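A short write-up of the structure that comes next.
The values are calculated or read from the model by the stated rules, or taken from the named source; none is laboratory data. Values in this document were obtained by computation on a predicted structure and should not be read as measured data. When we count neighbours, we look across all protein chains shown, and the Cβ atoms used for this are built from the backbone with ideal geometry, even at glycine. These area figures cover heavy atoms from the full protein model, side chains too; ligands, DNA and RNA do not enter into them. Shrake-Rupley method; radii C 1.70, N 1.55, O 1.52, S 1.80 Å.
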Amino acid sequence: MTAPETVEVIAALGEARFVGGAVRNALLGAPVVDIDIAVPIPPDETLARLKAKGVRTIETGLDHGTVTALAGTHAFEITSLRRDVETDGRHAKVAFTDDWALDAARRDFTINALYASADGEIFDYATGVEDLIAGKVRFIGDARTRIAEDYLRVLRLFRFHAWYGRGEIDEDGLRAAADAKDKLKTLSAERIAKELWRLLEADHPGPVLRVMAATGILPELLPGALQVLRLERLVALDAENGFPRDPVLRLAALLSDSEEVARAAASRLRLSNVDRARLEQALGGDRIAARLSAQEARRLLYRLGEACFRDKLLLQWAGEPAKSPAGAWRMLLDMADSWQRPRFPLSGRDVMLAGVPEGPEVGRVLAALQDWWVEGDFAADESALRDRLKEMIRQA
Ligand code: ATP
Ligand code: MG
């Protein structure tokens with residue numbers, strides 16, 4: 001918040017304050033990732049002032065008062081003070097204002113309605129600082145009313161509690177959230193997925209997910225039987241072994257082992273093709289046991305690829321931690337890390353040169369040859385493979 005480019009943007013805007021996550025996290029001493037800025041001027045004025053000082057801008061969402069400023073390597077979201085005039089649970093019609101307290105009142109939680117001037121003065125229009133210290137995630141105003149304005153706030157309650165809450169979830173908020181669960185299907189997949197992702201990235205998403213499961217909120221979002229225990233164990237494994245937090249894998253841990261469930265979850269959350277394929281592979285097909293021989297492990301690594309092997313291994317480890325010693329799992333992980341995919345030296349061309357006429361048979365012979373090579377632990381070299389190919393053709 002004191003970086004030269006930040007100072008430059010604030011100076012160009014004149015009266016401006018940091019708001020939301022940046023202020024909250026700075027007070028907590030937690031990392032500040034993106035910086036939101038609030039200004040008491042309408043968006044066209046924001047644009048004009050930034051342009052006058054030569055700051056690059058993007059018209060992100062002028063209707064909602066948001067302009068993005070680019071300075072150095074940073075992007076700043078600058079939003080005009082506003083109040084919600086009309087809400088329908090998903091969208092809001094907004095009006096711009098120069099009243100800071102009105103802008104604070106339209107925000108969701110007290111801890112998210114904190115503002116700070118460039119020289120570090122804090123403006124707290126609700127009970128944000130107090131609640132931040134106490135670890136309370138509380139709606140500004142009546143929980144039911146605030147949730148009915150925007151049902152995404154149901155998920156935000158859980159997400160922010162997982163990150164910043166201590167103890168139980170706020171009682172009023174939880175009751176209002178549970179009562180609104182059937183409204184979640186009216187939200188766009190993208191908004192839901194984004195909140196779910198942030199929740200899964202928390203240090204300890206388990207307790208919150210338990211409450212979401214018990215209140216029937218989680219089943220509104222995800223298909224199949226949910227395995228919160230497996231997710232909690234995966235989270236513990238991440239912490240014990242220093243693995244990076246991986247929301248896709250955490251989602252996989254939460255779901256049941258079925259390609260169909262994976263596909264349903266991916267469509268509901270409208271995941272990217274890459275994430276969808278990963279989820280389907282991780283949850284479908286064969287599982288990995290801790291007691292694999294080195295040869296079986298190499299075979300699976302070749303069949304699944306290293307990334308999928310790791311995913312399946314971690315899911316299985318988290319799913320049955322007591323059954324096998326951690327050392328056995330770690331050894332398999334080490335194998336995956338150092339594994340180099342052996343190259344199959346022959347191609348369809350070689351099969352044709354050996355006498356198989358062009359057509360589907362070429363692929364079948366090649367696949368059978370490759371299977372033999374894999375089952376033989378990749379020991380056969382090019383000339384051994386050519387001999388085997390000749391023999392296969394003779395026998396056919
Ligand atoms: P993070 O560190 O996760 O980015 P954040 O507080 O910046 O946390 P955002 O989702 O980026 O969270 O939103 C920025 C701010 O905008 C919030 O702090 C809050 O004041 C306000 N806000 C965002 N979404 C809503 C919403 N659905 N309802 C009310 N206020 C919201
Ligand atoms: Mg943010």
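For the chain, the carbon plus sulfur part of the accessible surface works out to 51%, probe radius 1.4 Å.
Remark: the range 348-395 projects, on average over all directions, an area of 3.0 nm² (convex hull of Cα atoms). Report note on the peptides 259-266, 61-68, 184-191, 106-113: ranked by the mean count of other C-beta atoms within 10 Å, highest first, their order is 106-113, 259-266, 61-68, 184-191.
For the residue pairs 53/136; 51/136; 93/185; 181/323; 53/194; 185/323, the alpha carbons lie more than 29 Å apart in 53/136; 51/136; 181/323; 53/194; 185/323. Summing charges over all other residues whose Cβ lies under 14 Å from the Cβ of residue 144, with Lys and Arg as +1 and Asp and Glu as -1, gives -2. Using alpha carbon centroids, what distance separates the range 269-285 and the range 37-109, in Å? If you average the Cα positions of each part, the centres end up 36 Å apart. Per residue, the accessible area of the chain comes to 49 Å², computed with a 1.4 Å probe over protein heavy atoms only.
Taking the convex hull of the alpha carbon atoms in the range 213-340, what volume per residue do you get, in Å³? Please report the intermediate quantities before stating the final value.
Values: hull volume 13.7 nm³, N = 128.
Residue-normalised Cα hull volume stands at 107 Å³.
Counting only Cα atoms, the size of the range 1-134 along its three principal axes is 42, 36, 22 Å, in decreasing order.
Using only Cα atoms and rounding to the nearest 10 degrees, what angle (0 to 90) does helix 382-395 make with the longest principal axis of the chain? Computed tilt is about 60 degrees. By the rule of a C-alpha distance below 18 Å, with chain neighbours fewer than 8 residues away ignored, the aspartates and glutamates paired with residue 390 are 350, 358, 361, 371, 381, 382. As a rough guide to protection, the peptides 45-57, 140-152, 339-351 ranked by mean Cβ packing within 10 Å, highest first, stand as 140-152, 45-57, 339-351.
For the chain, what percent of Cα pairs sit more than 26 Å apart? Working shown, then result.
On the way: 50131 of 78210 pairs.
Everything past 26 Å amounts to 64 percent.
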